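For reference, the structure discussed in these notes is given below.
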Amino acid sequence: MITSDIHMHSSFSTDSDSPMEAMIQGAIARGLNTICFTEHLDYEYPSTDGTVLFEVDMAAYEKKLFELKDKYKNKIEVLFGVEFGLLPHLAERYSSVARAHDFDFIIGSSHLIPAPWYKDNMLHGDPYEKEFWEGRTVEEICERYFRTIIDNTAAYKDFDTYAHMDYLIRYAPEKNKGYTYKKHADILDVALRTIIENNLALEINTAGYKYGLGQPNPQADILARYLELGGETITIGADAHKPEHIAYDFKKAEELLKTLGFKYYTIFKKRQPMMFPL
């Protein structure tokens with residue numbers, strides 16, 4: 001049984017307006033034992049008007065988290081994490097942040113794709129935006145996205161899990177219609193082996209269910225291949241930005257993982273893995 005949700009955001013992230021305390025109370029209401037806040041830190045996230053996006057006020061975030069961690073210590077365990085939006089040239093900046101804070105858990109994510117065609121003077125784009133897909137095939141964008149996992153991990157390895165491995169498919173024009181592991185097997189195998197060989201976990205992100213995919217991110221055929229290649233370490237998070245999305249469809253994810261042959265899921269404390277039976 002999954003009793004920990006270790007990927008969530010609060011109003012310390014640009015894309016959430018939910019107070020941290022409301023998220024904690026929501027997790028308690030769902031009977032969770034452990035949660036981890038993983039606020040966004042995406043250096044150089046593109047902005048058309050110069051606004052700084054997805055750069056958490058780390059001092060304020062840390063102060064509030066530890067206040068609430070103590071307040072709710074008899075009801076739930078609250079862990080201190082961060083989600084790095086990776087790009088290869090930012091490796092040293094993220095390394096400095098990782099060294100400066102006593103994180104329990106660090107997520108590595110690909111949100112941005114090299115996209116020289118996209119908007120004026122933008123080197124990277126986020127497939128979250130509808131315009132990003134205009135004039136491009138889903139196959140091309142997928143190949144570019146999976147390449148970022150390989151390139152990001154080659155440049156920077158000081159994190160614990162790679163999140164929502166096929167994040168982009170949530171926002172594809174027809175979502176995951178016709179999307180399969182087999183279509184991208186060559187590059188996905190390289191990406192999966194890169195994760196495994198660097199002793200990283202792979203995240204099962206249940207927001208895929210919320211977005212109507214009928215699957216987590218990554219989807220079942222990719223998870224099956226991860227297991228075939230020798231991957232075992234998985235983390236589980238709903239990527240909630242609102243209390244009502246905490247532990248979203250965890251039961252469904254648990255059943256899927258057991259069917260595929262996974263036996264354990266992992267949480268991290270002080271950057272050390274701890275395994276629990278599904």
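The values are calculated or read from the model by the stated rules, or taken from the named source; none is laboratory data. The model shown is predicted, which means the values in this text are computed figures rather than measured ones. All Cβ positions, even for glycine, are placed from backbone atoms using ideal geometry, and neighbour counts span all protein chains on display.
Answer yes if at least one residue in region 141-149 is more than 20 Å from the chain's Cα centre (by Cα) and within 29 Å of PHE37 (Cβ to Cβ), and no otherwise.
No, region 141-149 contains no residue that is more than 20 Å from the chain's Cα centre (by Cα) and within 29 Å of PHE37 (Cβ to Cβ).
What are the residue pairs meeting all of these: first residue in region 170-184, first residue closer than 12 Å to GLN219 by Cβ, second residue surrounded by fewer than 19 Cβ atoms within 10 Å (Cβ to Cβ) and of a type in the set (Phe, Trp, Tyr), Cβ atoms under 6 Å, and 6 or more apart or on different chains?
As it stands, the answer is ARG170/TYR211, since those pairs meet every condition given.
Scan region 9-21 and give yes if some residue there is assigned to a helix (DSSP H, G or I), modelled with pLDDT of 95 or more, of a type outside the set (Val, Ile, Thr) and surrounded by 18 or more Cβ atoms within 10 Å (Cβ to Cβ), otherwise no.
Checked region 9-21: at least one residue is assigned to a helix (DSSP H, G or I), modelled with pLDDT of 95 or more, of a type outside the set (Val, Ile, Thr) and surrounded by 18 or more Cβ atoms within 10 Å (Cβ to Cβ).
Looking at (1) in contact (Cβ under 8 Å) with a residue 60 or more places away in the chain; (2) under 16 Å from the mean Cα position of the chain (by Cα); (3) not in a loop (DSSP other than H, G, I, E, B), which one does ALA154 not meet, given that it meets all the others?
Of the numbered conditions (1) in contact (Cβ under 8 Å) with a residue 60 or more places away in the chain; (2) under 16 Å from the mean Cα position of the chain (by Cα); (3) not in a loop (DSSP other than H, G, I, E, B), the odd one out for ALA154 is (2).
Just checking, which of LEU192, LEU168, LEU202 is under 13 Å from the mean Cα position of the chain (by Cα), within 25 Å of VAL82 (Cα to Cα), assigned to a helix (DSSP H, G or I) and modelled with pLDDT of 90 or more?
From the options LEU192, LEU168, LEU202, the qualifying one is LEU168.
Kindly indicate whether GLU254 is over 29 Å from ASP102 (Cβ atoms), of a type in the set (Asp, Glu), modelled with pLDDT of 95 or more and touching a Leu at 6+ places or on another chain (Cβ under 8 Å).
When the stated conditions are applied, GLU254 passes them.
Do we have any residue at all in region 256-277 that's under 24 Å from MET23 (Cβ atoms), in contact with a strand residue (DSSP E or B) (Cβ under 6 Å, 6 or more places away or on another chain) and part of a helix (DSSP H, G or I)?
There is no residue in region 256-277 that is under 24 Å from MET23 (Cβ atoms), in contact with a strand residue (DSSP E or B) (Cβ under 6 Å, 6 or more places away or on another chain) and part of a helix (DSSP H, G or I).
Which residues, counting only those in region 185-205, are touching a residue at least 40 places away in the same chain (Cβ under 8 Å) and among the polar types (S, T, N, Q)?
Matches in region 185-205: THR194, ASN198, ASN205.
Only residues that are more than 17 Å from PHE268 (Cβ to Cβ) and among the basic types (Lys, Arg): list them for region 74-109, please.
LYS75, ARG93 - these are the residues of region 74-109 that are more than 17 Å from PHE268 (Cβ to Cβ) and among the basic types (Lys, Arg).
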